[in-house]
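What follows is one structure encoded as structure tokens, with my remarks underneath.
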Amino acid sequence: MENEALKQKVIEVLQTIFDPELPVSIWELGLIYEINVLPINNVQIVMTLTAPGCPAAQSLPVEVDQKVRLIEGVNDVHVAVTWTPAWDKSMMSEAAQLELGFM
């Protein structure tokens, strides 16, 4: 499978994972900074959370890892959580900002 097609499938899965406190997917929130499909279909994801003390800090990266592993063709997954740059609401998609009343 071509890297771009696999990356698109990863994005589709990320759109099904929601922040427990907000009715918006982590993709729409802008929590995913990077998706790299490396040789032999290893997927590397760099993500952040809305706040370091976020209750989902433990569960969200695990959920991302588990769901991305289920994609056909994925060999291995590595999810890295970063706090740089710090997330802020300007990183959300317009749809998410509308949904949460920021626009």
Q) Can you run phi through the Karplus equation (6.51, -1.76, 1.60; θ = phi - 60°) for region 32-46 and list ³J(HN,Hα) in whole Hz, with x for Gly and Pro? A) 9, 8, 8, 10, 10, 9, 8, x, 6, 6, 7, 10, 10, 10, 10
**Q.** Sequence-distant residues sharing a close amide H with Ile17 (under 5 Å, placed H)
**A.** Ile26, Trp27
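Calculate how many DSSP beta bridges within the chain are antiparallel, expressed in % of all such bridges and rounded to the nearest 5.
55 percent
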Q. Got a sec to turn the phi values of region 10-23 into Karplus ³J(HN,Hα) couplings, 6.51 cos²θ - 1.76 cosθ + 1.60 with θ = phi - 60°, whole Hz, x for Gly and Pro?
A. 4, 4, 4, 5, 4, 6, 9, 9, 10, 5, x, 9, 10, x
Q. What angle, in degrees between 0 and 90 and rounded to the nearest 10, separates the Cα long axis of helix 59-69 from the longest principal axis of the Cα atoms of the chain?
A. 30 degrees
Q. So, counting K/R as plus one and D/E as minus one, what does the shell of residues with Cβ under 15 Å around Ser59 add up to?
A. -3
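Coordinate-derived values only; no laboratory data. Worth saying up front: this structure is predicted, and the values here are computed from it rather than measured. Every residue, glycine among them, receives a Cβ derived from its backbone with ideal geometry; neighbour counts consider all protein chains shown.
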